[in-house]
Amino acid sequence: MPTQQTLLYEGKGKKLFATQNPNEVIAEFKDDLTAFNAQKRSSEDGKGALNCLISSLLFELLAQQGIKSHFIKSLSSTTMLCQKVQIIPIEVVVRNIATGSLSKRLGIEDGLVLPFTLVEFYYKDDALNDPIINDEHCKILGIIDDERDLDFLRDQARKINAILRDFFDQKGLKLVDFKLEFGKNAQGEIILADEISPDSCRLWDKQTNQKLDKDRFRQDLGDLKSAYEEVLRRIQTH
Ligand code: UDP
C-alpha cells in the first residue's frame, strides 16, 4: 500500500484507505488472526491474501444473483476497491448447523442440523463483547432508522445463505454458519459489506466434517493456511 494513502480505519482484520473518490475506499486484508474478542491473537503469512481472494469471488457470485455489496473490483492480492459505507453496528449471524456460541449458550448438540435457518443479530460493540440483541433492543439503541431495515437485513441474510449454501454444497463443503455486516452507501442504500471468508464463516468438509475455517485457530487445530487454501482451491474449481 503506498505510504501517502490516508488510513481511514484499522480493524482486527482489515485496514481501510481513502481514495481520490470520496465514495470509494481501498480495503486491505491483514494477516492478523484474532478470536474471542481479540483475547487470542496470532498472525499467518498469506492469510490476508487468501481471505481477500475468497471474499472477492463470493461477492462476485452474490452480485450475479442480485445481491448488492460494497465490492467494486480487486486491486491486488490483498486489496479490493469498495464503496464507502457507514457500517450498521449489527453482526448478522446465519446458522444452518448448531455449533459455537449457539451450542454453548442453549445447550444444543454440536453439529445438529437446525430444523430451519436461524438468523440472529449481535450488537457490534467490543467493549460489551458483542451481545445478542433483538429488534426492540435495536430500536432502543437507535441502531437503525427504520424497523423495516431489520426485515431487509434478515431477508438479505436468508437470500445470501441460500446462494452460498448451494454453492459450497457443490464444492463438497457444508456452510455451517457465518457472519455478515451491512452498511449504508452514499445513496443511503443498505448493501452487504465487510468480508465473507473462512474468518467469518464456518465451513466443514461434507464427507469428513473436517473444519476448514477459523475454528482451526480458535481450537488450536493447526494447518489454518492449508485449510483456507483448500477452500479457495474448491471454490475456484468449476
Ligand atoms: N463470527 C464472526 N465474528 C464475530 C463473531 C462470530 O465472524 O465477531 C462468525 C463465526 O466465524 C461463525 C459465526 O459468526 O461463523 C457464528 O459465531 P458464534 O456466534 O458461534 O461465535 P463464536 O463461537 O465464534 O464465539
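The values are calculated or read from the model by the stated rules, or taken from the named source; none is laboratory data. Computed from a predicted model, the values in this text were never measured in an experiment. Note that each Cβ is placed from the backbone with ideal geometry, even for glycine, and that neighbours are counted across all protein chains shown.
The set of residues from the range 57-90 being among the small types (G, A, S) and either in contact with a helix residue (DSSP H, G or I) (Cβ under 9 Å, 6 or more places away or on another chain) or buried (at least 19 other Cβ atoms within 10 Å of the Cβ) (or both) comprises G66, S69, S74, S76, S77.
Among the residues of the range 132-149, those identified as without any contact (Cβ under 8 Å) to a residue 12 or more places away in the chain and in a helix (DSSP H, G or I) are E136, K139, I140, R148. Taking the criterion of being in contact with a helix residue (DSSP H, G or I) (Cβ under 6 Å, 6 or more places away or on another chain) and β-branched (V, I, T), the residues of the range 118-159 that qualify are V119, I144. Filtered by the rule that a residue be assigned to a strand (DSSP E or B) and in contact (Cβ under 8 Å) with a residue 40 or more places away in the chain, the range 18-29 gives E24, V25, I26, A27, E28, F29. Any chance you could count how many residues in the range 211-238 are surrounded by 12 or more Cβ atoms within 10 Å (Cβ to Cβ) and either modelled with pLDDT under 95 or acidic (D, E) (or both)? Going through the range 211-238 one residue at a time, the tally reaches 5.
Against the test of being within 14 Å of L192 (Cα to Cα) and out of contact with any His (no Cβ under 8 Å at 6 or more places or on another chain), the options F167, F152 yield a single qualifying residue, F152. Among the residues making up the range 175-184, a single one is over 17 Å from K124 (Cα atoms) and either β-branched (V, I, T) or away from the ligand (no atom under 12 Å from the Cβ) (or both): V176.
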